[in-house]
Amino acid sequence: MERRNFIKKSFTGAGVLTLGASGLISPSCLGANDKIVLAIIGSGGRGRGTIINTCKVNENVTIKTVCDVNDLKAAKTIDSVEKELGYKPAHVRNMKEVFDDKDIDAVWISTPEHWHALATVWACQAGKDVYVEKNPTINIWEGRKMVEAAAKYDKIVQIGFQNRSAPYGFSAREYIQSGKLGKIVHVKSYNMLGGGKWTAQPDAEIPKGLDWDGWLGHAPYRPYNPGIHDMEERGGWGSFWAYSGGTLADDASHVLDLARMVLGDPGHPKSVCGWGGNNAWGSERETPEFQTMTFDFGDYAMTCESGNATNYIKKTPIAIRESDSQFPDWRQNATRTEIYGTEGMMYLGRHGGGWQVFGEDGQVLAQEYGIVPDTYHQQDFISSLRSRKQPNGSVEEGHKSATLIHLGNIAYRVGNKQLYFDGEKERFVGNEDANQLLKTEYRENYKIPEQV
């Protein structure tokens, strides 16, 4: 416990320590005087907050350019940068202007999901390092292309699975690897969120200040719809397969990725059995209101329940996420993982909340508090740019975690079936309908090539 307290205290200092890919402490001061110039691509509230904080918690990091097809969001981000950091970055609409700018070292991609992979590949080809938000892909094929591009062009690509930089995630993994939990026999991950009936909206005129074709990117062209895109807020694109993997790809991707991490990052599962539907509220949206799936990892199964139907179950409160002395009420926690071993059962929180292990009669066998890991992840990214070591949240592991999302969604989309998966080839065995969903059709000028 003394070592863990040392880790916590180190992170509350001036950011001179960061977690390496192995979870060990390593100095980030090497090259700290080397200026790193960032550009943000997609400047909504999440991207705006995280890139500004990255500049605050790392030395000598600046934002040169804000790239967004939405002029209102770009202006809001530029104003926030000026207020928080004291200077005013430029605005461009076309991300290729960012890629052509030799002054820019790395890009911060926080677009909707359907742009993540293509923007990452283009950035690698242009010689830029990349931070890209979760879920990194909307299909399995483009995830492999991201991995190939990062390797071919020798670029750092960090996925926004922030839990991979959480000290309590590393200690949970250490506890499991020590054998104290016993042999793992079952894993349950939850993403039980609230919601209500989704209602479609009519198409409308394209708002002033928006490049709608650029927002759509590789997705099929369609008229502007305010139910998909919002000029000031996040918008409803998460309800459509062309832009997202739905609720499962949103918060559940964090939960499943953290579960994989603490389990030692198993490879692809042998199969998935999925079920889902719009049976709670009867919505007509494309992505399901609720779904459940079981993954076969050989020695154990992992299940995931995800949806927008359980308003009485809540995410870990912010006060607990930021506390080093409280645990959530696990019974009512919406985004927990339960890991069952032969010697005990571990509850694990997402984005803070820590972990606890229980034995017989409710006895607490071990525990570790944990706080929101975003700052740690941001420090790790900049440290990786300077050291050229793989970051926490590597593109390879991000792709494998994202694949779980796609497997669950594909099992639902082909009729709530069990599908067998060849992990080496990343193809389904004996189901061509499922294989048709491994890759998305891309519009001209927005294509990821077979050879990146």
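Below are the figures for this structure:
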item	result
Anchor Lys152: aspartates and glutamates whose Cα lies under 16 Å away (excluding residues fewer than 8 positions away in-chain)	Asp129, Glu142, Glu396, Glu450
Calculated P(r) tail over 17 Å for the stretch 341-426, as whole % of Cα pairs	70
Sequence of Lys88, Lys83 once ranked by neighbouring C-beta atoms within 10 Å, starting from the fewest	Lys83, Lys88
DSSP beta bridge pairing in the chain, given as percent antiparallel to the nearest 5	60
Neighbourhood charge, 12 Å Cβ-Cβ cut-off, centred on Tyr347 and excluding it, Lys, Arg +1 and Asp, Glu -1	+1
Dipole axis of the chain (+1 Lys, Arg; -1 Asp, Glu on Cβ), positive-most option in Gln158, Asn60, Thr303	Asn60
Residues whose placed amide H lies under 5 Å from that of Gly354, excluding near-sequence neighbours	Gly349, Gly370
Likely footprinting exposure, Glu133, Glu148, fewest C-beta neighbours within 10 Å first	Glu148, Glu133
With eigenvalues of the C-alpha gyration tensor scaled by 5 and rooted, the stretch 126-213, Å	36, 25, 13
Helix-only [θ]222 nm of the chain, DSSP H runs n ≥ 4, -39500 (n - 2.57) each, per residue, nearest 500	-9000 deg cm²/dmol
Approximate shape of the stretch 193-254 as ellipsoid semi-axes (Cα gyration tensor, √5λ), whole Å, largest first	22, 14, 11
Which of Asp105, Asp265, Asp361 has the fewest Cβ neighbours within 10 Å, and the rest in rising order	Asp361, Asp265, Asp105
Set of lysines with alpha-carbon distance to Lys270 below 26 Å, sequence-local pairs under 8 removed	Lys134, Lys145, Lys183, Lys188, Lys400, Lys417, Lys425, Lys439
Calculated on alpha-carbon atoms, Rg and Dmax of the chain in Å	21.2, 62
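Readers should treat all values here as calculations from the given coordinates under stated rules, not as data from a laboratory. Owing to the predicted nature of the structure, the values given are computational and were not obtained by experimental measurement. Because the Cβ atoms are built from the backbone with ideal geometry, glycine has one as well, and the counts that use them run over all protein chains shown.
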